[in-house]
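What follows is a short report on a single structure.
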Amino acid sequence: MIKRELLFSKMKPQDYEEMITFLGQKMEELGYVKPTYVPAVLEREKGFPTGLQMGDYGIAIPHTDREHVHQSALAIATLAEPIEVCSMINPKEKVRVSLVILMAVEDPDGQVKMLSKLMRLFQDVETLKRLEKAASTEEMYNIVTEMELEIA
């Protein structure tokens, strides 16, 4: 379920690890994930990075196994300035990302469904641009609810 308290606009992290840690800690504070979640996401990113280049737009969708999740949730952050992450397609290449969607999915079938919905979003460049330009979390909330990014 999309929660306003997990939407962040124009973040300024030092790096990708800081962004994942911040978003993951917010999820943990709200009871969605276990204390093991952030370390597990960071470890997974080392072997299976999640940076995606979609045309001119860079996106990251870090996640990990459901054993670290209490309840499904998405934390979404737009960045004031892009940060570099390793590419999902070629881990030796870097992608400059402006949007990070930290995904915690408790249901194993839910992860495939959510990734499918996210891929539709990623292919909608106009919506991505609207999301990136959103001046507030309220505006972000309205955009993502239009995309029906709910997790069952």
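The values are calculated or read from the model by the stated rules, or taken from the named source; none is laboratory data. Being a predicted model, the structure only gives us computed values, none of them experimental. Cβ atoms come from the backbone with ideal geometry, glycine included; neighbour counts cover every protein chain shown.
So, of the residues in the stretch 18-54 that are among the aromatic types (Phe, Trp, Tyr) and in contact with a strand residue (DSSP E or B) (Cβ under 7 Å, 6 or more places away or on another chain), which turns out to be surrounded by the fewest Cβ atoms within 10 Å (Cβ to Cβ)?
Tyr32
Looking at (1) within 23 Å of Pro82 (Cα to Cα); (2) at pLDDT 95 or above, which is the one condition that is false for Glu28?
For Glu28, the exception is condition (1).
Test of understanding: among Glu81, Glu126, which residue is surrounded by fewer than 19 Cβ atoms within 10 Å (Cβ to Cβ), under 18 Å from Phe22 (Cα atoms) and not β-branched (Val, Ile, Thr)?
Being surrounded by fewer than 19 Cβ atoms within 10 Å (Cβ to Cβ), under 18 Å from Phe22 (Cα atoms) and not β-branched (Val, Ile, Thr) holds for just one of Glu81, Glu126, which is Glu81.
What is the residue count in the stretch 89-115 for residues that are more than 18 Å from Gly55 (Cβ to Cβ) and within 14 Å of the chain's Cα centre (by Cα)?
Number of matching residues: 7.
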